[in-house]
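Engineer: Sharing a structure here in structure tokens format.
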Amino acid sequence: MGFFITDSKAGVYLAGQLGEPLRCVSCDYSSPCWPCASKAHLVVACRSKRECLCIHQDVPDEPLYMPALPGLGGVCLSPCGRYLYQLSTEADCIHTFHLGSGELQYAMPAGVFPRSMQLNHDGSQLLVAGGCMDEAYLLSAPELYPLRTLHTRHPCFAADFCKGGYALLCAMEGDELQSVLYMLSQQGVRPREKLRLPGQPGSLRVCPDGETALLSTPDGLMRVVLSTGELLWNQPEWALCMRMEIRGHLALISDTLCGCVVLIDIDEPWKKRVLLQGTDAQACFLPMLGKAACTNKPPVFRASSR
């Protein structure tokens, strides 16, 4: 398992395996963001050019260009390798693009200033946090057909699939803004409050066990037990990180206030390693079969001519 990292000032970096040094690769974009990788594809977006570039690792000299939605708030690849999903925080919608043609296949409105989206393990469903709406949305993938609206009690900032249902991180307004973690069973109607913390919510990602989750607030990055709200640990230096990925016992933390990308052992969080000190760095894991991208001839991320 390696890493794929973008930063508006530092550029684009790849590492084929854990322990390998990061390699800076050529990129024409002045503001690369939202790196995304699968066994076959590497995707990077550009804020200023409003463009997404996809490179197939078997044919790196034939890049595929797609428009990037305004206010891009999330990008993910389907497990089958056929589709790219984009979430717009400005247009309040989600789009499905086909990676064979680069064409828009499906589109669906999603909340008001939606904040996050997550695919389930088999890629058949998407869960979208409604942002300013007291809702989250369960959609079929790739068609984006509405399956269910999850009614939350407060604006939903982040949502993820968990064992037996859904984890929801919401912002409760009052005298002071608070972050509230809810659980909702698959057949349930009313979410149950599990934890309340001061400050605005950041991001949420359920751990592989399906029973615990990482969440961020102004107080730090925390691991909690979803069924009880028990706090297992807190790392204050990674407060309000906005992007997290977890593989096994390792969490890749990026889009942090300090601009760092850090790798943390979720079972022993004192074991951590800063991979890059940037400005607005974002990162994702690079699957092992994707290490071909880090050979002696790494890919070149060239902007389109339009």
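The values are calculated or read from the model by the stated rules, or taken from the named source; none is laboratory data. Computed from a prediction, not measured in an experiment: that's the story for all the values here. Here the Cβ positions follow ideal geometry from the backbone for every residue, glycine too, while neighbour counts run over all protein chains shown. Surface accessibility is based on the protein's heavy atoms, side chains included, excluding ligands, DNA and RNA. Shrake-Rupley method; radii C 1.70, N 1.55, O 1.52, S 1.80 Å.
Engineer: With a ≥ b ≥ c the root eigenvalues of the C-alpha gyration tensor of region 1-46, is it rounded (a/c under 1.5), prolate (a/b larger than b/c) or oblate? List each step's numbers first, then the result.
Structural biologist: Details: a/c = 2.40, a/b = 1.37, b/c = 1.75.
In terms of gyration-tensor shape, oblate.
Engineer: Please give the peptides 69-82, 117-130 ranked by average Cβ packing (other Cβ atoms within 10 Å per residue), highest first, as a rough proxy for protection. Display every interim value, and only then the final one.
Structural biologist: Details: 69-82: 18.6, 117-130: 20.2.
Highest-to-lowest ranking by the protection proxy: 117-130, 69-82.
Engineer: Same structure, new question: May I ask you to derive the relative contact order of the chain, considering only C-alpha pairs under 8 Å and at least 6 residues apart, and to give it as an integer percent? Don't skip to the answer; put the middle values down first.
Structural biologist: Details: 892 pairs, mean separation 47.9, N = 306.
After rounding, I find 16 percent.
Engineer: Roughly what would the spin-label model give for Trp270 and Glu103, points 7 Å off Cα along C-beta, in nm?
Structural biologist: Rounded to a tenth, the inter-label distance reads 5.8 nm.
Engineer: What is the gain in length, in nm to one decimal, between Glu20 and Asp209 on full extension, counting 0.36 nm per residue of separation less the C-alpha to C-alpha distance? List each step's numbers first, then the result.
Structural biologist: Working: separation 189, 0.36 × 189 = 68.04 nm, distance 2.77 nm.
Using 0.36 nm per residue and subtracting the Cα-Cα distance, I get 65.3 nm.
Engineer: Can I ask one more? What size of dipole, in debye to the nearest 20, comes out for the chain about its Cα centre when the only charges are +1 on Lys and Arg C-beta atoms and -1 on Asp and Glu C-beta atoms?
Structural biologist: Working: 26 positive and 30 negative charges, 85 e Å.
Here the size comes out at about 400 debye.
Engineer: Another question, if that's okay. Enter the accessible area of Phe157 (Å², nearest 10), with the probe set to 1.4 Å and all protein chains included.
Structural biologist: 40 Å²
Engineer: Calculated from the structure, Cα extents along the principal axes in Å equals which of (1) 114, 43, 28; (2) 80, 56, 36; (3) 52, 42, 33?
Structural biologist: (3)
Engineer: Tell me whether region 167-282 comes out rounded, prolate or oblate; compute the Cα gyration tensor, take square roots of the eigenvalues as a ≥ b ≥ c, and use a/c under 1.5 as the rounded threshold.
Structural biologist: Details: a/c = 2.11, a/b = 1.40, b/c = 1.50.
Since a/c reaches 1.5 but b/c is at least a/b, the shape of region 167-282 is classed as oblate.
Engineer: A further question on this structure: Could you pull out the pairs from Lys49/Lys163; Lys9/Lys194; Lys39/Lys271 whose alpha carbons sit more than 31 Å apart here?
Structural biologist: Details: Lys49/Lys163 40 Å; Lys9/Lys194 40 Å; Lys39/Lys271 27 Å.
Flagged as over cut-off: Lys49/Lys163; Lys9/Lys194.
Engineer: Under the classification rounded if a/c is under 1.5, otherwise prolate if a/b is larger than b/c and oblate if not, where does region 192-246 fall, given a ≥ b ≥ c as square roots of the Cα gyration tensor eigenvalues? Please list the in-between numbers first.
Structural biologist: Numbers: a/c = 1.70, a/b = 1.20, b/c = 1.41.
Oblate is the answer for region 192-246, as a/c is 1.5 or above yet b/c matches or exceeds a/b.
Engineer: Under the 0.36 nm per residue contour assumption, what length would be gained going from the current alpha-carbon distance of Ser48 and Tyr65 to full extension? Walk me through the intermediate numbers first.
Structural biologist: Values: separation 17, 0.36 × 17 = 6.12 nm, distance 1.47 nm.
Length gained between Ser48 and Tyr65: 4.6 nm.
Engineer: Give the relative contact order (percent, whole number) for region 202-250; include only Cα pairs under 8 Å separated by 6+ residues. Could the numbers behind the result be given before it?
Structural biologist: Numbers: 98 pairs, mean separation 17.5, N = 49.
Dividing the mean separation by the residue count of region 202-250 yields 36 percent.
Engineer: Calculate what fraction, in whole %, of the accessible area of the chain sits on carbon and sulfur atoms when a 1.4 Å probe is rolled over the protein chains.
Structural biologist: Working: 6670 of 13200 Å².
For the chain, the apolar C and S fraction of the accessible surface comes to 51 percent.
Engineer: Just grab the label-to-label distance for Val225 and Cys258, each label 7 Å out from Cα along the Cβ direction, in nm (one decimal).
Structural biologist: For the pair Val225/Cys258, the computed spacing is 3.0 nm.
Engineer: Let me ask you something else. I'd like to know which of Pro218, Gln187, His249 lies farthest towards the positive end of the charge dipole of region 161-306, counting +1 on Cβ of Lys and Arg and -1 on Cβ of Asp and Glu.
Structural biologist: Towards the positive end, the residue furthest out is His249.
Engineer: Please list Arg192, Arg23, Arg243 from largest to smallest accessible area, probe radius 1.4 Å, with all protein chains kept in place.
Structural biologist: Descending accessible area places them as Arg192, Arg23, Arg243.
Engineer: Counting other Cβ atoms within 10 Å of each Cβ, which chymotrypsin sites (Phe, Trp or Tyr not before Pro) in region 192-282 have at most 14 and sit in a DSSP loop?
Structural biologist: Values: sites: Trp233, Trp238, Trp270; in loops: Trp270.
Counting only loop positions with at most 14 other Cβ atoms within 10 Å, the chymotrypsin sites (Phe, Trp or Tyr not before Pro) in region 192-282 are Trp270.
Engineer: Keeping all protein chains in position, work out how much accessible area Glu90 exposes to a 1.4 Å probe, and write it in Å² to the nearest 10.
Structural biologist: 130 Å²
Engineer: Fully extended, how many nm does the chain gain between Glu173 and Trp233 (0.36 nm per residue separation, minus their Cα-Cα distance)? Walk me through the numbers on the way to the answer.
Structural biologist: Working: separation 60, 0.36 × 60 = 21.60 nm, distance 2.56 nm.
Gain in length upon complete extension: 19.0 nm.
Engineer: What order, most packed first, do the peptides 162-174, 47-59 have when packing is the mean number of other Cβ atoms within 10 Å of each residue? The partial results should precede the final answer.
Structural biologist: On the way: 162-174: 19.4, 47-59: 17.0.
Output ranking for 162-174, 47-59: 162-174, 47-59.
Engineer: Using only alpha carbon pairs under 8 Å that are at least six residues apart, calculate the relative contact order of region 83-218 and give it in whole percent. Before the final figure, lay out each step's value.
Structural biologist: Numbers: 376 pairs, mean separation 19.2, N = 136.
Reported relative contact order: 14 percent.
Engineer: So, one more: How would Asp61, Asp160 line up by accessible area, probe 1.4 Å, largest first?
Structural biologist: Working: Asp61 120, Asp160 10 Å².
From most accessible down to least: Asp61, Asp160.
Engineer: Related question: Please give the FRET efficiency for Arg247 paired with Asn120, using the beta carbon to beta carbon distance and R0 = 22 Å, rounded to the nearest 0.05.
Structural biologist: Values: r = 16 Å, r/R0 = 0.74.
E(calc), rounded to 0.05, equals 0.85.
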